[in-house]
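Some notes on the structure that comes next.
Every read-out reported here was derived from the displayed coordinates using simple, explicitly stated rules and does not represent laboratory data. Since this is a predicted model, take the numbers as computed values, not measurements. Here the Cβ positions follow ideal geometry from the backbone for every residue, glycine too, while neighbour counts run over all protein chains shown.
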Amino acid sequence: MTISLPKPRRALAAFGLAALAAHATATAAATPAPYAGNAFAPDGTLWSVQLDAQGRLAVHRSADDGRHWLPPLLLDTAGDPIKTSGEGPPKILFGPQGVVLISYARPLAQKYAAEIRLLRSTDGGAHFAAPVTLHQDRQPTSHSYAAMAFDAAGALHTVWIDGRDKLAATTAATTATTSGGSANYRGATLYRNVSLDGGASFGPDLRLSDHSCECCRIALSPTADGRVAALWRHVSAPNIRDHAFLLLPGAGNAAATPVRASYDNWAVDGCPHHGPALTPAADGGYHAVWFGVRDGVSHVRYGRLDPSGAPLGAAQALPDSQAEHADILASGARLAIVWRSYDGSATQLRAWLSDDDGRHFTLRELASSGADNGYPQLLQKNGRLFAIWNTTEERHVEAL
């Protein structure tokens, strides 16, 4: 189903960074940003949070799975400037006891520097408290691409990409008059914290893993035993940007050693802005999708991971050579993979669907747009899967 947004403004999309299969777009003036975070509320209402045409953070709500939308609810961000992108849109998460959390990145004056800000409601989203910074570190460096999830016990886990350790390495190298100090630290760092009161307060910033990619989104997934698993693009020496997996520890517990989850052996001196996605498999372990270059061939690939995060069998390329920014979600044995694909004039939204836990798939065309667009997202409501895709002209909600 497709709902047209008011006052559409069409933007031309151009294909750039072909070697990285990145989709470069130009947004026309006075159009809403297409980058949105989406979630179903406990009552089944669909919420979508994004910047409006004036750069304000707004929530759009639909009680009928996207057929009709209420007037947008503007959120009070205390004048914060907001940085948004396909890899780092605003995020929304519903928790226990009426908790609603909305996170976004507030850019700082220094290049690439940002703070992660959080809006919190305890009455189902009727009211939100003033925004707070959810990490303790206040250095003028990167704190971005936050991912949040509740575990089965109600603890809130937040993981983000952090620049403090690279900043420290660069400063130390510069002080020692070492040429090219930033080269002493590969990529960035994953940090995390845990909240035991639904986001009212947070524990200390804890290093989860050194050497993450700088600008690729982090995937979080529930586990069979009620914990939270993370998948991210990792930077191994000297510049291999494959993926790593880790079960998030509880509050006060140390993190284990990450497990390598993909073996594309992609060597690249730069972030491809193309993060992975992760979901539990019905028969144990996980389903994952990621972008990479293997033997000179760029592709989005689907693979199985065992419960430890290690690969199971060979990965499969999606049936679309232009596939990018895929998401994956399972509901029992029902599995969906969605992605966008640009053909030079329009972007297609496509799905690969399985009813047998990924053993067999059917390709389905969902939508097409010539407008600037965000990344598709998969959601689940009452066991049913939905694909959500925002453009500057339309909001697509497709039942799968």
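Answer rounded, prolate or oblate for segment 343-400, using the Cα gyration tensor with square roots of eigenvalues a ≥ b ≥ c: rounded when a/c is under 1.5, else prolate when a/b is larger than b/c, else oblate. Oblate, since a/c reaches 1.5 and b/c is not below a/b. A dipole drawn for the chain from +1 and -1 charges on Cβ atoms has a positive end, and of Leu248, Leu167, Ser62 the residue lying farthest that way is Leu167. Taking a ≥ b ≥ c as the square roots of the Cα gyration tensor eigenvalues, with a/c under 1.5 meaning rounded and otherwise prolate when a/b beats b/c, else oblate, which class fits segment 59-218? Prolate, since a/c reaches 1.5 and a/b exceeds b/c.
Placing unit charges on the Cβ atoms only, positive for Lys and Arg and negative for Asp and Glu, gives segment 153-248 a dipole magnitude near 180 debye about its Cα centre. Adding -39500 (n - 2.57) for every DSSP H run of four residues or longer, then dividing by how many residues the chain holds, sets the calculated 222 nm ellipticity at -1000 deg cm²/dmol. Approximating the spin labels as points 7 Å out from Cα along Cα→Cβ, the Ser236-to-Asp306 distance works out to 1.6 nm. When the alpha carbon gyration tensor of segment 222-344 is reduced to an equivalent ellipsoid, its three semi-axes come out at 24, 19, 12 angstrom, largest first. Rounded to the nearest 20 debye, the dipole magnitude of segment 35-99 is 80 debye, with +1 charges on Lys and Arg beta carbons, -1 on Asp and Glu beta carbons, and the Cα centre as origin.
Taken about its Cα centre, segment 32-314 carries a charge dipole of about 460 debye when Lys and Arg each add +1 at the Cβ and Asp and Glu each add -1 at the Cβ. Ordering Gly154, Gly303, Pro96 by the projection of their Cα atoms onto the charge dipole of segment 32-314, which places +1 on the Cβ of Lys and Arg and -1 on the Cβ of Asp and Glu, puts Gly303 at the extreme positive end. Considering only Ile82, Gln316, Trp266, and ranking their Cα positions along the charge dipole of the chain that arises from unit charges at the beta-carbon of Lys, Arg, Asp and Glu, the one farthest toward the positive end is Ile82.
Restricting attention to the chain, the count of lysine pairs at 8 or more positions apart or across chains with alpha carbons under 29 Å apart stands at 9. Normalised by the number of residues in segment 32-314, the mean separation of alpha-carbon contacts (under 8 Å, six or more apart) gives a relative contact order of 10 percent. Expressed as a whole number of Å, what is the distance separating the alpha-carbon centroids of segment 341-400 and segment 221-293? Cα centres, segment 221-293 to segment 341-400: 23 Å.
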